[in-house]
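See structure below.
The values are calculated or read from the model by the stated rules, or taken from the named source; none is laboratory data. Here the structure is a predicted model, which is why all the values come from computation and not from measurement. Backbone-built Cβ (ideal geometry, glycine too); neighbour counts: all protein chains shown.
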Amino acid sequence: MPFPNNFVWGAASSAYQIEGAFDADGKGRSIWDDFCELPGAIRDGQDGRVACDAYHRFSEDVRLLKEMNLSAYRFSVSWPRILPAGTGSVNEKGLAYYDSLVDLLLENGITPYMTLYHWDLPSALQKKGGWLNRAVCEAFAEYASVIAKHFDGKVRHYITLNEPQCALSLGYELGTHAPGLKLPVEDQLQCMHNMMLAHGLAVKALRKESSCPVKVGIASTGTLYYPVTDTPENRQTAYEASFSLKPDGWFFSHCWCLDAVVLGHYPEASPDFLRKFSNGVPESDWNIICQPLDFVGANIYHGTPIDVHGNVVLLPKSLPRTATDWPITPEILRYGPRWLYERYGLPVIITENGISCKDTMHSDGQVHDADRVEFLRRYLKELEKTVDEGTAVEGYFHWSLTDNFEWEYGYTQRFGLVYIDYPTQRRIPKDSSVWYGRAAESNGKHLHQ
Ligand code: BGC
């Protein structure tokens, strides 16, 4: 069975990673502006002050999306561009930037998928404790209301939070991302719970302030397992492993987040510290957190093979890996969405999937990224299989539209379909963008040519 006719073919980005213009037109500071100033925090002392200068060059990026025949663009709004102090006075110039972007997308028949939070918390709120302070949840709801009112009728697809798992584990447990904290586990749990509350309040605000129906989801991530043999028994062990929380690395799991927002509780099979925390959560909090959602967004890059006995299977040393040293495991786009659909009963959207390669400009001035083309072909074929097996997958967003600021790795990792020549900011479509454009235009038929 081919991809359904209304399947969404898109590309994704996030504000801090592409916009630059870090202090333009009244924008407030974010925790990433602050974190990048810490010596040693970012590879080569880089930062996102200029990034891809998308703030000034977004029309080129929309043209590239159009050339690729993509029907949707997932981007995030910089919260401190809209509310420089996190709450209170609204920066009209910030809204005007996103108006121009959204209007141009709509003129070109490209549906905006707007993410509210892709990790750039206003510094003013971090000074008040950041995600550790429950007041931030109300601030997030206020921000969501401003956005929903302003973009009413234009934006109809929202993603509340991008990867709470990474925001928390990297930012609040390991300290490798902004705000660079290493909090004790009790505080990590409080941050987690506050993020879940913020999500729930934002969903309510988005629906309340929009006069037309909007589709709302969250972009989750975490370890997912796939069976080494496609038997019902091995599928079962892979499913169970994907939704079991281990005391170490528990943050990098879909289930604490998606069980909370979709099922209305933290996972029953949890490490002691989470169970204890969970027992103290009042019902009134669950009434906020668990709001009806329209889709589950899943950021899936690679998976872990497991056998029928539940043992992790070592990947062969010869298996190709990405430039970030992630294993290339296309099977996960068949099984990962399946597990999420089975557990949560909501349509799944792949909100991110992609590969970092050592891309260079060749002597013909082009970027021949054969590895990314191969990655796309293999992963998308697996996605097609899960669609064929009846998994409701509504869309696929490639990470990323352009190369960009890859957090602590600075500009050393290139994930784009489009190459950025940083000294000139010239955008050069890579071979993969042509290939992916054909896949989109043919609604997947090109995967088999
Ligand atoms: C994040 C992106 C990031 C990508 C590649 C995801 O975890 O949402 O911001 O660039 O992975 O590392």
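Summary table below
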{"read-out": "Region 158-173 residues that are touching a residue at least 12 places away in the same chain (Cβ under 8 Å) and within 12 Å of the ligand (Cβ to nearest atom), paired with ones that are in a helix (DSSP H, G or I) and not basic (Lys, Arg) (beta carbon under 6 Å, 6 or more apart)", "value": "LEU161/HIS199; PRO164/MET195; PRO164/CYS257"}
{"read-out": "Qualifying residue in region 364-381 (condition: at pLDDT 95 or above, among the small types (Gly, Ala, Ser) and touching a Ser or Thr at 6+ places or on another chain (Cβ under 6 Å))", "value": "no"}
{"read-out": "Filtered residues of region 369-413 (kept if away from the ligand (no atom under 12 Å from the Cβ), charged (D, E, K, R) and in contact (Cβ under 8 Å) with a residue 12 or more places away in the chain)", "value": "ASP369, ASP371, ARG372, ARG377, ARG378, LYS381, GLU382, GLU384, LYS385, ASP388, GLU389, GLU394"}
{"read-out": "Helices (runs of 4 or more DSSP H) completely within region 38-156 that count 2 or more residues being surrounded by fewer than 16 Cβ atoms within 10 Å (Cβ to Cβ) and at pLDDT 95 or above", "value": "54-67, 92-107, 135-150"}
{"read-out": "First in region 255-281 and at positive phi, second anywhere and of a type outside the set (Ser, Thr, Tyr), Cβ under 6 Å, 6 or more apart", "value": "GLY264/TRP286; GLY264/CYS290"}
{"read-out": "Number of the condition not met by ASN404 [criteria: (1) in a loop (DSSP other than H, G, I, E, B); (2) under 24 Å from PRO2 (Cα atoms)]", "value": "(2)"}
{"read-out": "Considering residues of region 22-37 that are assigned to a helix (DSSP H, G or I) and of a type in the set (D, E, K, R) only, the residue surrounded by the most Cβ atoms within 10 Å (Cβ to Cβ)", "value": "ASP33"}
{"read-out": "Test: residue in region 145-154 that is touching a residue at least 60 places away in the same chain (Cβ under 8 Å), within 16 Å of the ligand (Cβ to nearest atom) and among the polar types (S, T, N, Q)", "value": "no"}
{"read-out": "Hits in region 333-348 - residues which are part of a helix (DSSP H, G or I) and of a type outside the set (Ser, Thr, Tyr)", "value": "LEU333, ARG334, GLY336, PRO337, ARG338, TRP339, LEU340, GLU342, ARG343"}
{"read-out": "Residues satisfying the stated conditions in region 304-339, i.e. away from the ligand (no atom under 16 Å from the Cβ), in contact (Cβ under 8 Å) with a residue 12 or more places away in the chain and either within 22 Å of ARG372 (Cβ to Cβ) or buried (at least 19 other Cβ atoms within 10 Å of the Cβ) (or both)", "value": "PRO305, ILE306, LEU315, PRO320, PRO330, GLU331, ARG334, TYR335, PRO337, ARG338, TRP339"}
{"read-out": "Any hit, region 207-222, residues being within 20 Å of the chain's Cα centre (by Cα) and in a helix (DSSP H, G or I)", "value": "no"}
{"read-out": "Flag if ARG377 is over 30 Å from ALA238 (Cβ atoms), in contact with a helix residue (DSSP H, G or I) (Cβ under 7 Å, 6 or more places away or on another chain) and outside any strand (DSSP E or B)", "value": "no"}
{"read-out": "Region 259-303, subset within 16 Å of the ligand (Cβ to nearest atom) and among the aliphatic types (A, V, I, L, M), residue nearest to PRO164 (Cα to Cα)", "value": "ALA298"}
{"read-out": "Of all residues making up region 340-366, the number that are within 16 Å of the ligand (Cβ to nearest atom) and either surrounded by fewer than 21 Cβ atoms within 10 Å (Cβ to Cβ) or not β-branched (Val, Ile, Thr) (or both)", "value": "7"}
{"read-out": "Those helices (runs of 4 or more DSSP H) lying entirely in region 240-296 with at least 2 residues within 23 Å of GLY217 (Cα to Cα) and touching a Pro at 6+ places or on another chain (Cβ under 7 Å)", "value": "254-258"}
{"read-out": "Members of region 414-427 that are free of Cβ contacts under 8 Å to residues at least 60 places away in the same chain and either among the β-branched types (Val, Ile, Thr) or within 10 Å of the ligand (Cβ to nearest atom) (or both)", "value": "THR424"}
{"read-out": "Single residue of region 209-229 satisfying the filter (within 16 Å of LEU346 (Cα to Cα) and within 14 Å of the ligand (Cβ to nearest atom)) that is surrounded by the most Cβ atoms within 10 Å (Cβ to Cβ)", "value": "ILE218"}
